[in-house]
Amino acid sequence: MMKTKLYILFLFFALGVSMNAQEKTKKELKQEKELEKQKEIQKLLETKKFVFEAQKVTPQGGRLIQLDYNTYFLKFDTENTTCDLPFFGRGYNVAYNGDGGIKFEGKPENIKIENKKKNTLLRATVRGKNDVYDLLFTIFNNGSASLNVNSNNRAPINYDGQVSAPKEVKK
């Protein structure tokens, strides 16, 4: 009877130790993935080439709108920045029969990067065909990001989404 109790006690102790070891390895794996992602994001910011994919939008004075498809983007590059984002809000001087979105292409100017503990701020100005856009990215270490767009002809608007490396074009 005493031996049986000892075996059961030993069995519980052995199971507890092995489960604790598994939890530590899961935590270590998670930390490694987070560190890897953080290095990837820092590399994208150093090269100043990345793609912002919008998932949510908040117009000035409006409520949060979920975007259904991952088709809205801003491709940031120091040579040529391309943007195709939806716009909800007040337009002051917008072209008649325009599609209503924020679409532009141009070379960014006045690029400033400010590193903080948990995020990085990137500011730039892009002159489009009909407007000037001031961009403020808040990019977090895990790849999530916020983009605030101010322009001369529209009310400010904020987008939430993800930052990733640009996809290579196959020739």
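The values are calculated or read from the model by the stated rules, or taken from the named source; none is laboratory data. Because the structure is a prediction, the values reported are computed rather than measured. Using ideal geometry, Cβ is built from the backbone for each residue, glycine included, and neighbour counts are taken over all protein chains shown. Areas reflect the complete protein model, heavy atoms only, side chains present, ligands, DNA and RNA absent. Shrake-Rupley method; radii C 1.70, N 1.55, O 1.52, S 1.80 Å.
What the table below lists for this structure:
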{"item": "All positions within the range 119-136 that are open to solvent by 40 Å² or more (accessible area, probe 1.4 Å) and within 28 Å of residue 35 (Cβ to Cβ)", "result": "123, 136"}
{"item": "Tally, over the range 61-84, of residues that are under 16 Å from residue 47 (Cβ atoms) and of a type in the set (D, E, K, R)", "result": "3"}
{"item": "Residue check, residue 67 of a type in the set (A, V, I, L, M, F, W, C) and within 30 Å of residue 32 (Cβ to Cβ)", "result": "no"}
{"item": "Strands (runs of 3 or more DSSP E) lying entirely in the range 59-138 (those with 1 or more residues that are of a type in the set (Lys, Arg) and at pLDDT 85 or above)", "result": "73-76, 102-106, 108-115, 119-127"}
{"item": "Filter result (touching a residue at least 40 places away in the same chain (Cβ under 8 Å) and closer than 13 Å to residue 52 by Cα) within the range 113-136", "result": "122, 135"}
{"item": "Check on residue 139, within 15 Å of residue 50 (Cβ to Cβ) and open to solvent by 30 Å² or more (accessible area, probe 1.4 Å)", "result": "no"}
